[in-house]
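The values are calculated or read from the model by the stated rules, or taken from the named source; none is laboratory data. The structure displayed is predicted, hence computed values, not measured ones. For neighbour counting, all protein chains shown are included, and Cβ atoms are generated from backbone atoms with ideal geometry for every residue, glycine included.
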Amino acid sequence: MSAHDQISRSGKPAVVAHRGASGETAEHTLAAYELALEQGADGLECDVRLTSDHQLVCIHDRTIDRTSDGTGVVSEMSLAELKEHDFGSWHTDGRSASVLTLRELLTLTLDWHRPVRLFIETKHPVRFGSLVEQRLLEELQEFGVATPPSADHSRAVVISFSSAGVWRIRRHAPMLPTILLGDTARLLGGSAATAVGATGIGPSVESLRLYPDLVDRAAAAGRVTYCWTVDEQVDVQLCADLGVRWVATNHPARVRDWLVTV
Ligand code: G3P
Ligand code: CA
């Protein structure tokens, strides 16, 4: 059995809710993740950033301007300051929501009644030296998921466009699975993923359409493929045909339905 296989339905890609069920409700909110879990997602994806008081929060952008009722740079705001803003009501479903911390998302994931895997994406970690990885590993240790017996049994996967970020995780927590996200050339060559010891590669679906042999090349090197962001039925079929292990989507319910017939 290859890495990452424990929490997936056999023979088909497992479904990862990208920023939660973000096609239906405000991304990175507790409601978006709860909805994804209720819809049967096998995994959850989140982006994490550091606040000025070194807390990890689930926010995609450098600023809170797009996804809240406020403005400001995440890394220049404390968690208390972020909590003063509404991160849900910008969305058409209109529900207000507090900023989500990684701790809160870990609690939801690990307390869910069936096993679910959390894909944690470190955003631009090199800006902070090794502080993002240090804080991330501290929180994973706190929740007892930093040292799984094997990658297959891990409830957390660290993903990043930063090869330095992936390398630091592998160095300090070698049993944690990691995925190097990246552009096609880097992933096709495989040298970056090999150099940092990533257990998987993460091409965009646009890259995969152009270079479907990425999946076989990764498999030949013992790596699984995680593809993002897979919201079209034709791409779900492509991923299933190629043997992609994880598909990250904004529409987990829809993708699960499509996977029934592939
Ligand atoms: O899951 C990987 C994917 O989320 C990377 O792109 O910009 O949505 O974080 P982005
Ligand atoms: Ca992401």
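From the residues in region 111-129 that are in contact with a strand residue (DSSP E or B) (Cβ under 8 Å, 6 or more places away or on another chain) and in a helix (DSSP H, G or I), which one is farthest from S162 (Cα to Cα)?
The residue in question is F128.
Can you name the residue in region 233-262 that is assigned to a loop (DSSP other than H, G, I, E, B) and surrounded by fewer than 21 Cβ atoms within 10 Å (Cβ to Cβ) and, of all such residues, is farthest from ligand 1 (Cβ to nearest atom)?
Of everything passing the filter in region 233-262, T261 is farthest from ligand 1 (Cβ to nearest atom).
Would you point out the residue of region 195-232, among those that are out of contact with any Lys or Arg (no Cβ under 8 Å at 6 or more places or on another chain) and among the polar types (S, T, N, Q), that is nearest to ligand 2 (Cβ to nearest atom)?
T229
Can you pull out every residue in region 199-218 that is over 17 Å from Q233 (Cβ atoms) and among the hydrophobic types (A, V, I, L, M, F, W, C)?
Those that are over 17 Å from Q233 (Cβ atoms) and among the hydrophobic types (A, V, I, L, M, F, W, C): I201, L210, L214, V215, A218.
Each row is one residue, and each column tells you yes or no for (1) under 28 Å from Q39 (Cβ atoms); (2) not hydrophobic (A, V, I, L, M, F, W, C).
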position	(1), (2)
L56	yes, no
M77	no, no
A80	no, no
L100	yes, no
S130	no, yes
E139	yes, yes
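Given the conditions (1) farther than 27 Å from L259 by Cα; (2) within 16 Å of ligand 1 (Cβ to nearest atom); (3) touching a residue at least 24 places away in the same chain (Cβ under 8 Å); (4) in contact with a helix residue (DSSP H, G or I) (Cβ under 9 Å, 6 or more places away or on another chain), which single one is not true for T67?
(4) is the only condition that T67 fails.
Cβ contacts < 8 Å: first residue closer than 12 Å to L208 by Cα, restricted to region 231-253; second residue small (G, A, S) and in a helix (DSSP H, G or I), any location; separation 6+ or different chain. Result?
Within 8 Å, the pairs are G243/A219.
Of everything in region 33-61, what is in contact (Cβ under 8 Å) with a residue 24 or more places away in the chain, farther than 22 Å from L79 by Cβ and not in a loop (DSSP other than H, G, I, E, B)? Give them in sequence order.
Hits for region 33-61 are A36, L37, G43.
Do any residues in region 120-140 that are within 16 Å of ligand 2 (Cβ to nearest atom) have Cβ atoms under 6 Å from those of residues that are modelled with pLDDT under 95, where the two are at least six apart or on different chains, and which pairs are they?
T122/G165; P125/S162; P125/G165; V132/P125
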